[in-house]
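Presented below is the structure to which this report refers.
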Amino acid sequence: MPVSENPSYTPGNYIGADSTITFWDLPLKLKMIHVCSTFLAAIGLAKLSPVILAKFSLIFANKNRNDVLNHIVSNPGCSVADISHGLELNRGTVKYHLKKLHNEHKITVTDHGRSPRFFQNNSICSKQTQIIAPFLQDANQKRILLMIRDKPGMTNNEISKALSITNSTVSYHLRKMITNELLRAEKDGRYRRYSLDPRMGSELDKIMHADI
């Protein structure tokens, strides 16, 4: 008899092949198998989690390390503070990657007072470049250096007026440049006149030309 003609048929009590079976409708044996499978899968995932997290940590660490190296290549003579500011990484992270890069012989370190400076470890960075480059990372030092290059023989006071920098600030930077054998000072009565060390002039021009 067709379903529509069966007087006992109602839409609510008909159970056919397309009915949804819930977990609680399963036989006990199937319930146990399902629970055990879920439990074992959870244990497996828990064991794999440290491995997965380690993989992701390594990926991020390698990215940061490459970023630090690329920053040094683009900004030879930069300091920890320069790298930290440029890449928006905390200094502890920067120092960690610098140590790794140094151990891998990918960078070299030069002393620059209390602030070590970093360079790519290759034949491009000569000794003169390693002396000059850190001074080009500081805006005032760079302006003073280029002023003396363009107008050798200037005094502290003349540089101060030309660049609108205090005498004390100019004196501080000039002393650092003389200590690093970047400049020479010659007495002229009461004044000292400053000029580039001849060994540094051509190297400075080469660096500035490369920047352009």
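Measuring r between the beta carbons of Asn62 and His85 and using R0 = 30 Å, the FRET efficiency lands at 0.85.
Taking the square roots of five times each eigenvalue of the Cα gyration tensor of the range 87-171, the equivalent ellipsoid has semi-axes of 32, 16, 9 Å, listed largest first. If the chain linking Lys151 and Ala139 were pulled fully straight, counting 0.36 nm for each residue of separation and taking away their Cα-Cα distance, it would gain 2.5 nm.
What FRET efficiency comes out for the pair Tyr96/Arg192, r = Cβ-Cβ distance, R0 = 30 Å, nearest 0.05? After rounding, the FRET efficiency stands at 0.10.
Find the all-direction average of the projected area of the Cα convex hull for the range 127-211, expressing the result in square nanometres with one decimal place. Averaged projected hull area, Cα only: 5.2 nm².
Values in this text are rule-based calculations from the coordinates and carry no lab data. What you see is a predicted model; the values in this text were computed from it and never measured. We place every Cβ from the backbone using ideal geometry, glycine too, and count neighbours over all the protein chains shown.
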